[in-house]
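Values quoted throughout were computed directly from the atomic coordinates according to the rules given, and no laboratory measurement underlies them. As the structure is a prediction and not an experimental result, all values here were calculated from the model. Here the Cβ positions follow ideal geometry from the backbone for every residue, glycine too, while neighbour counts run over all protein chains shown.
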Amino acid sequence: MILGSTGGAAGPAYRRPLPPVLPPRGLHPATQALPPLELTVPEMRYNPITGDWVIIAPERARRPGVHLAGSIRPTGPSHKEDCPFCVGNEHLTGAERLRIEGPGGWQIRSVENRYSALALEGPVEHRGQGLRATMSGVGRHEVLIETPDHGGFPSRRGEGAMQALVEAYHRRLVAFHEDPRVRHVVIFKNHGSSAGTSLEHPHSQIVGTPVVPAQVRERLVEALRYRSDHGQCLYCATLRLEFEEGARLILINEHFVAFLPYAALSPYHLWVFPKRHHGSFAGTTAEERGSLGSMLSELLKLVARRLADCDYNYVIQTLSPAENEVGYFHWYLALVPRVTRTAGFELGTGMYINTSSPEVSAAHLRGETGEGPPP
Ligand SMILES: [Zn+2]
Ligand SMILES: [Zn+2]
């Protein structure tokens, strides 16, 4: 089994004694005064969940943690006259599909994207054949306006606001899947221009596609292969091993675990797994969604504090509500701080070079490396 193949007495030097009992929640603490965890030679690691081989090469590190000058991100006043997402400009957005009211007006709105990647109307029609397969580009694409506050930086928002946001994601996911044209839904946020955003006002996006994307199919194939080879869920097995090793754990709360994968695809690329085995974010309980909102709130604060407030993306990877009970997959959230860029090597091979060791990155996020810039 590749994931565990570096274990044992001859394992690399970054392995360290485990705490006897893991704390039920909170920031995963340092277990002891740590020896330097640097890898001195590159190492290739297999990520069994994505099927990727990642080159872990810390000595190639370019200095991370500096977001691009002029990055587009929530800033300045709480209201801008010419912003389509600000209060008073509701007529400038696409049709409203969700509104969550709070004291003094709406707190969250989800609206159809005026620049939708897919046509919102029309049936799914297949045309062409063989090497020229074509289908109509229809589906759903909404912008979820996270707050009426134009400058409402996510990491400075309260826990309650992040819980309401998670609740809104859930409601739109369920609604999207009621559209029979929709086969897959992705929920994501681009924070800052190096993460791909083009508008300052804090917002997320939800896209429902009429096909299951190749990346999702590949994840399912890997999960099914593991299940048939080992008779257990790859995600449950991964969680067990991360608990056992401890070195890459970041945060643990009632229902979720945040950790850097053993073969993290990029520096600080972290995953939030539900402790409970289930395949769809649609299948979460209200209590679990509250727990995810708290976790997200804490993680964004860590990114702001420990990673020089860098840009980031996060994505909820989930199956449809009908697939909640599958025995081989967990929905999860991936958070990707934008501290490095991918370039020609990644484009040409589909393989990633991670210029930091996940164990060092995890220690930094946990606050064990001082208050300086990220290693
Ligand atoms: Zn605005
Ligand atoms: Zn599982």
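Going highest first, how would you order 245-251, 341-347 by mean Cβ packing within 10 Å?
Order by mean packing, descending: 245-251, 341-347.
How are the C-alpha pair distances of the stretch 268-375 spread across 10 Å bins, as whole percents from the shortest bin up?
Answer for the stretch 268-375: a P(r) of 13, 36, 31, 18, 1 percent.
Taking square-rooted eigenvalues a ≥ b ≥ c of the alpha carbon gyration tensor, is the stretch 180-330 rounded, prolate or oblate, where a/c under 1.5 means rounded and, failing that, a/b exceeding b/c means prolate?
Oblate, since a/c reaches 1.5 and b/c is not below a/b.
Over all alpha-carbon pairs of the stretch 303-353, lay out the pair-distance distribution in 5 Å bins, whole %, shortest bin first.
Computed distribution, short to long bins: 4, 15, 15, 15, 17, 15, 13, 6, 0.
Along Cα→Cβ, 7 Å out, is where each label goes; now give me the distance between the ones at H79 and I100 in nm to one decimal.
Once both label points are built, they end up 2.3 nm from each other.
Radius of gyration and Dmax for the stretch 97-216's Cα atoms, expressed in Å?
Cα only, the stretch 97-216: 16.2, 56 Å (Rg, Dmax).
Going highest first, how would you order 284-291, 122-129, 359-366, 326-333 by mean Cβ packing within 10 Å?
359-366, 326-333, 284-291, 122-129
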